[in-house]
Amino acid sequence: MSPFMVLTEGVTGIPGITGLTFFETFTIMYAPPLIIAAAIVFLFVYLAVYKNPKD
């Protein structure tokens, strides 16, 4: 077995980042923007529900 076989074994994520599973790829690439977007949506919903001045 050549050492090059080990590097490309099990690559299911982003091409160019070897050895990462799909879950690791998802966690690195997509989780932080989704967390930020969820926090912004939660902030707007919270402000709309609890901080809205009553007429």
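Couplings 3J(HN,Hα) for region 24-33, derived from phi with the Karplus relation 6.51 cos²θ - 1.76 cosθ + 1.60 (θ = phi - 60°), are 5, 4, 4, 5, 6, 8, 10, 5, x, x Hz, where x marks Gly and Pro.
Distance between the 7 Å Cα→Cβ label points at Phe26 and Tyr50: 3.0 nm.
Values quoted throughout were computed directly from the atomic coordinates according to the rules given, and no laboratory measurement underlies them. All of these numbers come straight from a predicted model, not from anything done at the bench. Backbone-built Cβ (ideal geometry, glycine too); neighbour counts: all protein chains shown.
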